[in-house]
Amino acid sequence: MNAWTGRLHTEYRHLLARANDDHKVQAIVVSGKGRGFCVGGDSEALQGHSARGGYDPGTAEDIARPGYGTAEEFDAAFAYHFGLQKVVVAAINGPAAGVGLALPCFADIRFAVPGVKFTTAHGKLNLPAEYGLSWMLPKVVGLGRANDLLLTSRVFTSDEAYQLGFVNALFEPESLMSETYAYVQNMISTVSPNSLRQTRWQIYRDLHRDVASSVIESETLLNQMMGEPDYAEGISAFVEKRAPDWPSLK
Amino acid sequence: MNAWTGRLHTEYRHLLARANDDHKVQAIVVSGKGRGFCVGGDSEALQGHSARGGYDPGTAEDIARPGYGTAEEFDAAFAYHFGLQKVVVAAINGPAAGVGLALPCFADIRFAVPGVKFTTAHGKLNLPAEYGLSWMLPKVVGLGRANDLLLTSRVFTSDEAYQLGFVNALFEPESLMSETYAYVQNMISTVSPNSLRQTRWQIYRDLHRDVASSVIESETLLNQMMGEPDYAEGISAFVEKRAPDWPSLK
Amino acid sequence: MNAWTGRLHTEYRHLLARANDDHKVQAIVVSGKGRGFCVGGDSEALQGHSARGGYDPGTAEDIARPGYGTAEEFDAAFAYHFGLQKVVVAAINGPAAGVGLALPCFADIRFAVPGVKFTTAHGKLNLPAEYGLSWMLPKVVGLGRANDLLLTSRVFTSDEAYQLGFVNALFEPESLMSETYAYVQNMISTVSPNSLRQTRWQIYRDLHRDVASSVIESETLLNQMMGEPDYAEGISAFVEKRAPDWPSLK
């Protein structure tokens with residue numbers, strides 16, 4: 001069930017950094033191996049923290065830092081997803097709990113299979129809401145419904161999550177990955193790479209700034225991006241009613 | 001389809017400033033002429049920006065500045081709607097794209113006809129999210145659903161927009177304007193002008209400040225507004241179970 | 001119908017402070033006596049404010065200050081609920097208007113009986129949105145729908161409030177209190193006291209800070225709380241698949 005360990009965290013960040021830096025990668029899909037997505041810390045490790053009297057993340061000092069440096073307010077665990085250059089889509093194939101629920105919270109888009117169980121989990125272990133779950137959930141599902149999920153640590157299904165707007169769409173297990181890839185493929189073939197990058201950063205910065213600053217930056221970006229070859233190609237494709245062939249990808 | 005041009009922008013702001021300053025105008029309704037609401041920039045102008053290598057808004061220096069000066073954080077294109085003295089209702093009679101979708105985003109209330117197509121549009125032209133769309137949409141429909149609309153630039157219908165809470169109500173084309181006017185008429189006859197003005201400003205300022213500051217300002221306003229003749233009239237009308245006849249409008 | 005008076009406000013805060021300080025109290029349930037929840041100021045008092053030309057809250061200087069001092073941004077009327085040490089659940093048994101609607105807005109969880117009428121009410125009396133209603137509603141039901149409720153002061157039912165996510169669940173009048181107590185009982189027996197306390201504060205602080213600060217505080221809390229006896233008990237109960245018996249409550 002892909003328990004969250006220092007090793008998994010280290011490898012995840014290493015792979016994320018590689019995908020973020022690789023010019024040939026246009027989007028990132030995160031899913032779980034086997035029947036689960038990620039159920040949080042494993043019970044052995046959790047008991048170890050108790051014996052030790054504190055939390056040991058089990059990660060080395062030289063862990064990769066994907067997405068860091070884009071904006072000061074994104075520079076923390078999991079929040080670094082906001083700083084990535086590429087869209088992240090979570091394909092939630094099985095149960096997600098605790099850290100395993102926080103992770104897809106920081107994806108841009110979430111798909112899931114029906115009938116899967118989610119829980120914030122932390123309350124039953126005398127823990128705080130983990131890694132920004134309490135920051136993200138109210139912005140995704142509204143404050144009233146987020147309070148219920150965060151305070152009770154109750155189990156909720158992916159179906160309820162879909163109704164609440166936490167999950168963007170539900171797909172049967174056999175089609176989850178093909179539907180996810182089809183969504184991503186359509187997105188990266190119709191939307192330019194720089195538009196995806198800048199739109200993500202606008203969205204997450206906009207959660208941290210006033211409306212005038214947001215508008216003024218959009219005007220600056222508009223002026224810059226109209227000078228890029230992908231803009232000319234986008235216009236031509238639009239006028240000629242054909243798919244774009246982005247120069248920036250050649 | 002009411003393409004967004006420098007001339008349209010100039011005239012829109014001029015009319016908005018006049019309506020905002022005219023004591024006889026109590027609310028502002030924005031709709032599109034003909035079959036469309038507003039489909040954003042026209043393709044000829046978009047090609048011109050490409051040839052020029054940057055964006056030319058096509059507006060003069062002396063363009064009207066409706067709503068500016070109310071709060072520093074509202075002083076930018078489109079965001080100035082927040083600073084207006086009067087309620088703005090968008091009656092979306094046809095397709096809305098790009099800037100044409102950003103504009104009704106800054107209205108207080110949105111009505112639309114069923115089956116109309118909306119799109120953020122920008123991604124297919126290598127553009128950023130335009131004029132604060134990335135700031136507003138997550139606050140209206142939630143972060144997860146806004147991400148999908150902003151990152152894919154996909155077409156969504158007014159029916160989906162209604163389900164998401166972006167549109168307040170759907171009306172058939174033949175009744176859109178009459179229903180919109182009936183809503184506005186009911187609002188301005190039952191709610192006092194200063195309450196509408198202050199409530200709008202409270203809502204939009206509250207998106208920029210802490211909860212204690214919001215409460216404390218509401219207490220100051222409560223004390224001030226209880227000293228106004230419209231308060232005495234509101235109480236009398238309430239006690240006598242009749243419609244109010246606001247002194248401030250005489 | 002439990003009109004909001006200086007005396008009611010004074011007693012409410014006194015009782016809230018006592019419940020907050022009493023180690024034996026684990027959660028707070030707020031409901032209305034009789035057929036109503038709270039319909040705001042009574043008309044006699046409202047007329048008195050008019051004669052006086054301003055608002056007199058009718059509360060003494062030495063009024064209790066429950067929840068004050070937790071965070072500067074919570075230190076104001078009603079917003080002080082955020083600073084309490086314990087979960088607050090509103091059981092809305094009848095009509096709620098004006099201040100009577102603002103109060104449950106500041107509860108963590110809201111239950112209501114079906115078919116009950118709510119209204120922000122202020123607009124019809126030439127008043128501003130009261131006590132942070134304009135700050136809270138957009139965060140609970142989304143900006144577009146909140147605008148409609150705040151600007152028109154129209155009546156909406158608890159059923160609509162449930163669909164909008166303002167009310168977490170609807171219960172018939174005869175079972176409202178038993179269902180509310182069952183929810184609370186389940187919450188306080190499965191979630192540790194410090195987790196409830198810290199999660200509440202995380203949620204409300206997170207509405208005031210950047211995502212990195214939220215994550216970093218969650219890491220500090222994680223480390224601290226893993227050193228508490230309730231963590232060891234939570235792990236044991238989880239591994240042994242039994243209900244926890246929190247040491248902190250002994």
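In loop segments of the range C:180-250 as defined by DSSP, the GluC sites (Glu not before Pro) with at most 16 further C-beta atoms inside 10 Å of their C-beta are C:E240. Start at zero, step by 10 Å, and the Cα-Cα distances of the range A:1-102 spread as 14, 42, 35, 8, 1 percent across the bins. Nearest beta carbon of chain B to the B-to-C rotation axis, with distance in whole angstrom: B:G142, 4.
The GluC sites (Glu not before Pro) of the range A:51-150 meeting both criteria, a DSSP state outside H, G, I, E and B (loop) and at most 13 other C-beta atoms within 10 angstrom of the site's C-beta, are A:E61.
As a size descriptor, the averaged projected area of the C-alpha convex hull of chain C was calculated at 15.1 nm².
Calculated accessible area for the range A:6-186 comes out at 38 Å² per residue, all protein chains present (probe 1.4 Å; ligands, DNA, RNA ignored). Taking the Cα atoms of the range C:154-250, the ratio Rg/Rh between the radius of gyration and the Kirkwood radius comes to 1.08. Rg/Rh for the range C:209-249 stands at 1.15; both radii use Cα atoms, and Rh follows the Kirkwood definition. Solvent-accessible area assigned to carbon and sulfur over the range B:209-249 amounts to 55 percent, based on a 1.4 Å probe. With a Förster radius of 22 Å applied to the beta-carbon distance between C:R242 and A:E11, the computed FRET efficiency rounds to 0.05. Between the range B:56-101 and the range A:1-58, the alpha-carbon centres lie 45 Å apart.
Counting Cβ atoms of other protein chains within 10 Å of each Cβ in A:24-31 and taking the mean gives 0. Solvent-accessible surface of the range C:209-249, taken per residue with a 1.4 Å probe and all protein chains present: 47 Å². Annotation for the range B:55-139: trypsin sites (Lys or Arg not before Pro) lying in DSSP loop with at most 14 further Cβ atoms inside 10 Å of their Cβ do not exist. Please work out, to two decimal places, the log10 of the ratio I(q)/I(0) at q = 0.18, 0.24, 0.28, 0.32 Å⁻¹ from a Debye calculation in which every Cα of the range C:102-149 carries one identical scatterer. Listed by q, the Debye log ratios stand at -0.61, -1.05, -1.27, -1.32.
Contact order, relative form, for chain C: 16 percent (alpha carbon pairs under 8 Å, 6 or more residues apart, mean separation divided by residue count). Using a 1.4 angstrom probe on heavy atoms only, work out the carbon and sulfur share of the accessible area of the range C:6-186 in %. Within the range C:6-186, the accessible surface is 49 percent carbon and sulfur. In terms of the mean number of neighbouring beta-carbon atoms within 10 Å, the peptides C:173-182, A:38-47 order highest first as A:38-47, C:173-182. Given axes a ≥ b ≥ c from the Cα gyration tensor, I'd like to know whether the protein assembly as shown is rounded (a/c under 1.5), prolate (a/b larger than b/c) or oblate. It comes out oblate by the Cα gyration axes. Here the relative contact order of the range C:21-86, from alpha carbon pairs under 8 Å that lie six or more residues apart, stands at 24 percent. When A and C come together, around 3800 square angstrom of accessible surface is lost from both chains combined, probe 1.4 Å.
Beta bridges per DSSP, both residues in the range A:6-186: antiparallel share near 10 percent. Cα centroid separation, the range A:203-250 to the range B:218-250: 49 Å. Counting, for every residue in C:163-173, the Cβ atoms of other protein chains within 10 Å of its Cβ and taking the mean gives 2.
The values are calculated or read from the model by the stated rules, or taken from the named source; none is laboratory data. What you see is a predicted model, and the numbers here were worked out from it, not measured in a lab. No Cβ is skipped: glycine too gets one built from the backbone with ideal geometry, and neighbour counts run over all protein chains shown. Surface areas here come from the heavy atoms of the whole protein model, side chains and all, with no ligands, DNA or RNA. Shrake-Rupley method; radii C 1.70, N 1.55, O 1.52, S 1.80 Å.
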